[in-house]
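Colleague: Mind looking over this structure? Questions follow.
The values are calculated or read from the model by the stated rules, or taken from the named source; none is laboratory data. The model shown is predicted, which means the values in this text are computed figures rather than measured ones. Reconstructed Cβ throughout: ideal geometry from the backbone, glycine too, with neighbour counts over all protein chains shown. Just the protein is used for accessible areas: all its heavy atoms, side chains included, with ligands, DNA and RNA removed. Shrake-Rupley method; radii C 1.70, N 1.55, O 1.52, S 1.80 Å.
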Amino acid sequence: MTDIAKAYGSTLYELANEANAVDQINEELAGLRAIFEANPRFISLLGAPTLKKEERIEIVDKTFGGKVHPYLLNFLKIITENGTVGEFIDTAKDFRDRYNFERGIETVVAVSAIPLTPKMEKQLVKKLSDLTGKTIQLEKKVDPDCKGGIRLNMDGLQLDGTVKHKLDAIRASLLRVIA
């Protein structure tokens with residue numbers, strides 16, 4: 001994440017906090033982030049040097065005007081005008097990180113070979129919440145290459161209990177014995 005994205009995220013968070021709109025802007029940022037990640041050409045359009053600044057800002061206004069908090073709309077206009085709209089996704093991540101930190105929320109990515117059942121998900125969230133003392137926000141991903149088990153990514157830490165990881169460890173151990 002760039003220093004620009006961190007500065008934008010921090011500034012937007014402080015403004016949202018002063019306006020008592022942190023929850024609303026966090027939710028809207030998450031929605032916009034998902035849209036922008038799914039449509040990277042839209043960010044390219046907003047950063048296109050072939051369009052005049054006024055045209056790019058008009059696109060932002062027509063697309064998001066009246067649909068997002070005015071502070072968020074103005075923020076989108078500013079980064080479009082400054083030519084830093086490419087920082088939006090990381091800015092949204094920084095904002096979310098600040099939001100989660102302030103509220104004691106930990107985002108955990110759980111990767112498994114098959115989808116977690118609701119019961120498994122509930123047990124995992126409870127166990128992680130008990131261990132960390134935080135509210136757990138679970139993001140689930142399915143990766144058949146795991147073969148079985150689960151891999152957790154949280155706050156820069158990876159806990160890998162997948163069958164693939166265990167098989168790789170056995171293989172490496174055998175290779176050391178043979179060598």
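Colleague: Being open to solvent by 20 Å² or more (accessible area, probe 1.4 Å) and touching a residue at least 24 places away in the same chain (Cβ under 8 Å) narrows it down to one residue among Lys77, Lys53; which is it?
Modeller: Lys53
Colleague: Still on this structure: Give all pairs with beta carbons closer than 8 Å in which a residue from the stretch 167-179 that is closer than 16 Å to Cys146 by Cβ meets a residue that is open to solvent by 90 Å² or more (accessible area, probe 1.4 Å); count only pairs at least 6 apart in sequence or on separate chains.
Modeller: Sorted first by the residue in the stretch 167-179, then by its partner, the pairs are Leu167/Lys147.
Colleague: Sort out which residues of the stretch 22-73 are among the charged types (D, E, K, R) and over 15 Å from Thr91 (Cβ atoms), and write them in order of number.
Modeller: Within the stretch 22-73, Asp23, Glu27, Arg41, Lys52, Lys53, Glu54, Glu55, Arg56, Glu58, Asp61, Lys62, Lys67 meet the criteria.
Colleague: Does the stretch 12-26 hold any residues that are without any contact (Cβ under 8 Å) to a residue 12 or more places away in the chain, in a helix (DSSP H, G or I) and either within 13 Å of Leu73 (Cα to Cα) or of a type in the set (S, T, N, Q) (or both), and which are they?
Modeller: Asn17 - this is the single residue of the stretch 12-26 that is without any contact (Cβ under 8 Å) to a residue 12 or more places away in the chain, in a helix (DSSP H, G or I) and either within 13 Å of Leu73 (Cα to Cα) or of a type in the set (S, T, N, Q) (or both).
Colleague: While we're looking at this one, here's another question. Could we say that Ile4 is within 26 Å of Glu139 (Cβ to Cβ), open to solvent by 20 Å² or more (accessible area, probe 1.4 Å) and among the hydrophobic types (A, V, I, L, M, F, W, C) here?
Modeller: yes
Colleague: Here's a follow-up. Here is a check on your reading of the model: is Ile59 surrounded by 15 or more Cβ atoms within 10 Å (Cβ to Cβ), β-branched (Val, Ile, Thr) and either within 16 Å of the chain's Cα centre (by Cα) or under 21 Å from Thr135 (Cα atoms) (or both)?
Modeller: It is false that Ile59 is surrounded by 15 or more Cβ atoms within 10 Å (Cβ to Cβ), β-branched (Val, Ile, Thr) and either within 16 Å of the chain's Cα centre (by Cα) or under 21 Å from Thr135 (Cα atoms) (or both).
Colleague: Here's another thing I want to ask about it. Could you please give the count of residues in the stretch 29-47 that are touching a residue at least 12 places away in the same chain (Cβ under 8 Å), part of a helix (DSSP H, G or I) and open to solvent by less than 40 Å² (accessible area, probe 1.4 Å)?
Modeller: Of the residues in the stretch 29-47, 5 are touching a residue at least 12 places away in the same chain (Cβ under 8 Å), part of a helix (DSSP H, G or I) and open to solvent by less than 40 Å² (accessible area, probe 1.4 Å).
Colleague: Quick one: is Glu55 at pLDDT 95 or above and charged (D, E, K, R)?
Modeller: So Glu55 fails the test.
Colleague: Right, something else. Take the stretch 11-51 and flag every residue that is hydroxyl-bearing (Ser, Thr, Tyr) and in contact with a Lys or Arg (Cβ under 7 Å, 6 or more places away or on another chain).
Modeller: Scanning the stretch 11-51 gives a single hit, Tyr13.
Colleague: Do you know which of the residues in the stretch 91-128 that are of a type in the set (S, T, N, Q) and under 14 Å from Asp155 (Cβ atoms) is most open to solvent (accessible area, probe 1.4 Å)?
Modeller: Thr107
Colleague: Determine whether Asp145 is open to solvent by 80 Å² or more (accessible area, probe 1.4 Å) and within 27 Å of Arg103 (Cα to Cα).
Modeller: No: the conditions fail for Asp145.
Colleague: Same structure again: When you go through (1) out of contact with any Lys or Arg (no Cβ under 9 Å at 6 or more places or on another chain); (2) more than 23 Å from Lys6 (Cβ to Cβ); (3) not hydroxyl-bearing (Ser, Thr, Tyr) one by one for Ile57, which number turns out not to apply?
Modeller: (1)
Colleague: Say whether the condition of being within 19 Å of the chain's Cα centre (by Cα), of a type outside the set (Phe, Trp, Tyr) and farther than 22 Å from Ala30 by Cβ is met by at least one residue in the stretch 81-104.
Modeller: No, the stretch 81-104 contains no residue that is within 19 Å of the chain's Cα centre (by Cα), of a type outside the set (Phe, Trp, Tyr) and farther than 22 Å from Ala30 by Cβ.
Colleague: List pairs: first in the stretch 95-122 and under 18 Å from Glu14 (Cα atoms), second among the acidic types (Asp, Glu), Cβ under 8 Å, 6+ apart or cross-chain?
Modeller: Listed by first residue and then by second, the contacts come to Asn100/Glu106.
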